[in-house]
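This report refers to the structure that appears directly beneath it.
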Amino acid sequence: MNTAAIRGMQVSGLPRKSRKYGEDRVCAHPDCSTKLSVYNRRETCFTHTGVKIPRLRGKKL
């Protein structure tokens, strides 16, 4: 007979709420009328946001 027992943990609260950045915002790029999500912290849409390549290894000298 197997004597292993399963243990659990009590839930200790909920994770914090997502930050919201305002409603009815539009992309700041000229001639773009894309409505931004309330969860998008930037002033531009995905199409007009610049490319940012992360540093994966090592440190900048």
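Every number in this text was worked out from the coordinates using simple rules, so none of it is lab data. Please read all numbers here as calculations on a predicted model, not as lab measurements. Quick reminder, even Gly has a Cβ in these numbers, built from the backbone with ideal geometry, and neighbours come from all protein chains shown.
Go through [x] 107; [y] 68; [z] 272 and flag the label whose value is the computed volume of the Cα convex hull per residue in Å³ for this structure.
[z]
Let's see if you can work this out: charge +1 on each Lys and Arg Cβ, -1 on each Asp and Glu Cβ, no other charges. What is the dipole magnitude of the chain about its Cα centre, in debye to the nearest 20?
With only Lys, Arg, Asp and Glu charged at Cβ, the dipole is about 500 debye.
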